[in-house]
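Please treat every number below as a calculation from the coordinates, not as lab data. This one's a predicted model, so the numbers in the text were calculated from it and none came from an experiment. All Cβ positions, glycine included, derive from the backbone under ideal geometry; neighbour counts span all protein chains shown.
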Amino acid sequence: MIYTINLVGLRVHAYHGVLPHETAYGQEFLIDCNYLIEAQSEDELTSTVSYAAIADLLVITATSNTYQLLETLAYQLLAAVLAHSPKITRAGITVHKPMAPIDHEFQDVSVSVSGDRGVD
């Protein structure tokens, strides 16, 4: 069976951006992740990929490096998720930057990327 697991609104304080104050002080990012797994319909944790483990992976990946572009951050998060388990066949990442340095009122800025295992 194919299952889709969704993790929405994971909050991470990180230091990504082009402007000096973004990399000096950081800001909150929200990460959405969905991933498809091939799994049996058994009621065992070993038959799936833990969303808690994926959340930990996303936080570590987002806080271990600094990127200027949201696109790069999103791609690195996607690559980490796809490499995490052979059970993950496809994944999607959206990175939200609600405090982006924009001189106009806005709700959100986000970048999304998706891909299959072994395909860039």
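What to note about this one:
- Tensor-based shape of the chain (alpha-carbon gyration tensor, a/c under 1.5 rounded, otherwise prolate or oblate): prolate
- Positive end of the dipole of the chain (Cβ unit charges, origin at the Cα centre): among His84, Leu10, Val111, the Cα lying farthest that way belongs to His84.
- Among the GluC sites (Glu not before Pro) in the range 1-56, those placed in a DSSP loop whose Cβ has at most 11 other Cβ atoms within 10 Å are Glu42, Glu44.
- Degrees, to the nearest 10: 51-64 long Cα axis against longest axis of the chain: 30
- Per residue, the chain reaches -9000 deg cm²/dmol at 222 nm when only DSSP H runs of four or more residues are counted, each adding -39500 (n - 2.57).
- Using Cβ point charges alone (K and R +1, D and E -1), the dipole size of the chain about the Cα centre works out to roughly 180 debye.
- Hypothetical label at Ser112: residues of the range 1-35 whose amide nitrogen lies under 20 Å (7 Å Cα-Cβ projection): 3-12, 29-35
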